[in-house]
Amino acid sequence: MNAIEPRLVLPESTFRLLRELFRDSFGLWFHDDLRFLLELRLGPRLALHGQRDFGAYHRFLRLDPRGPAELLDAVEVLTTNESYFYREPEQLRAFEREIVPALALERGGERKLRLLSAGCASGEEVYTVAALLLDSGCFEGWDLAVHGVDLSRRCLARAQAGTYGEQAFRSAEGVALRRWFHLREGRWVADEGLRRLARFGVANLLDGEGLPVEPVDVIFCRNVLLYFDPPARRQVLRQLHARLREGGWLLLGHAESLLQLSADFEVVHMERELVFRKPRAGAGAAP
């Protein structure tokens, strides 16, 4: 019987080097209590590339020509991408009842609308927003697109496939969205009407590479900033601000705030939600 090989230990000094590399490359920040997570999830990557310890693996990531590709694969195993349909329902109701009618009025001349789901994971948010736009009846004949971007190529492949299990519809509002899906061999497959609106791609929110070039009207960036340290959050917000058209909307997660991060957005009080908006020229940002 073969002896069980001991697990490689990630020294604190090397952990700090690795997390700085992930922060500088993607803005992701791993707190001290996540050292064991990196040790556990990156351990198999060392064997795959023939690295004897985590120090050698760090040098491999930085100096080897294969390092950039491996860095992306490492992000895949380190990040947890879990979502479901109609997540954070109060905010989506505010979007559906207050922001969508405003967009229909403001953009009626051009009849074109672009939305972005930043950190879209496996696509549930993209398809949710697409369904809400279609259900509103406000955009018949419009040029519509909902962009979903993420670092995880694995998650984006699932999003593009548009197939989901029952767990993705675990909220009451999510169950109602199943009318936009067809049950095939035990999986729910997105209707072609949703697929026509959805656009998926890899993007790095820190440097903006992969984000839509044309201005967008609404950005959903919910429960994403939590994974960045404050300097990276500021940089991400600058990237998102640059992509929004004047008067465009920014929706963050309930646990997220712009306090001490950005004064470039004004706060808008919905009936039961707080959202953010890029001021129009001459209007100025909220103090």
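Could you give the C-alpha radius of gyration of the chain expressed as a fraction of 2.2 N^0.38 Å, taking N as the number of residues it contains?
So the Cα radius of gyration is 1.10 times the expected 2.2 N^0.38 Å.
Select from A130, A203, A74 the residue whose mean-square fluctuation is largest in a Gaussian network model of the chain (Cα-Cα springs shorter than 10 Å).
Of A130, A203, A74, the Gaussian network model singles out A74 as fluctuating most.
Compare G186, G162, G119 in a GNM of the chain, Cα atoms joined below 10 Å, and give the one with the largest fluctuation.
G186
Could you line up D24, D229 from fewest to most neighbouring Cβ atoms inside 10 Å?
D24, D229
Mind checking the full-extension length gain between A69 and E110? Use 0.36 nm per residue of separation minus the Cα-Cα distance, one decimal, nm.
10.7 nm
Convert 10 °C to kelvin, take the viscosity as 1.306 mPa s, use the Kirkwood radius over C-alpha pairs of the range 12-78 as Rh, and evaluate the Stokes-Einstein diffusion coefficient in µm²/s, rounded to a whole number.
Reported coefficient: 135 µm²/s.
For each of V175, V100, V218, V213, count neighbouring Cβ atoms within 10 Å of the residue's Cβ, then give the residues from fewest to most.
V213, V175, V100, V218
Can you sort D264, D33 by how many other beta carbons sit within 10 Å, fewest first?
Going from least to most buried by this count: D33, D264.
Specify the angular offset, from 0 to 90 degrees and rounded to the nearest 10, of the alpha carbon long axis of helix 54-63 from the longest principal axis of the alpha carbons in the chain.
It is inclined by approximately 60 degrees.
So for the chain, averaging the separation of alpha carbon pairs under 8 Å that are six or more residues apart and normalising by length, what relative contact order in percent results?
17 percent
Want the number for E166 to E214: 0.36 nm per residue separation, take away the alpha-carbon distance, what's left?
Going from the current span to full extension adds 13.8 nm.
For helix 124-136, report the angle its Cα long axis makes with the longest principal axis of the Cα atoms of the chain; keep it between 0 and 90° and round to the nearest 10°.
Taking the Cα atoms of the chain, the angle to 124-136 is about 10 degrees.
Determine the dipole magnitude for the chain: charges of +1 sit on the beta-carbon of Lys and Arg, -1 on that of Asp and Glu, nothing else is charged, the reference point is the Cα centre, and the result goes in debye to the nearest 20.
380 debye
Once the Cβ-Cβ distance between R196 and H49 is put in as r, and R0 is 35 Å, what FRET efficiency do you end up with, to the nearest 0.05?
Result of the calculation: an efficiency of 0.30.
Note the angle between two axes, namely the Cα long axis of helix 230-243 and the longest principal axis of the Cα atoms of the chain, as a number of degrees from 0 to 90, rounded to the nearest 10.
It is inclined by approximately 40 degrees.
Tally Lys/Arg at +1 and Asp/Glu at -1 over every other residue whose Cβ is under 10 Å from the Cβ of E256; what's the total?
Taking every other residue near E256 into account, the sum is +2.
Take the chain, connect every pair of alpha-carbon atoms lying under 10 Å apart with a spring to form a Gaussian network, then pick out the residue of A232, A176, A131 with the largest mean-square fluctuation.
A176
Here, each number is a calculation from the coordinates, and none is a lab measurement. Here the structure is a predicted model, which is why all the values come from computation and not from measurement. FYI the Cβ positions are ideal-geometry reconstructions off the backbone, even for glycines, and counts take in every protein chain you see.
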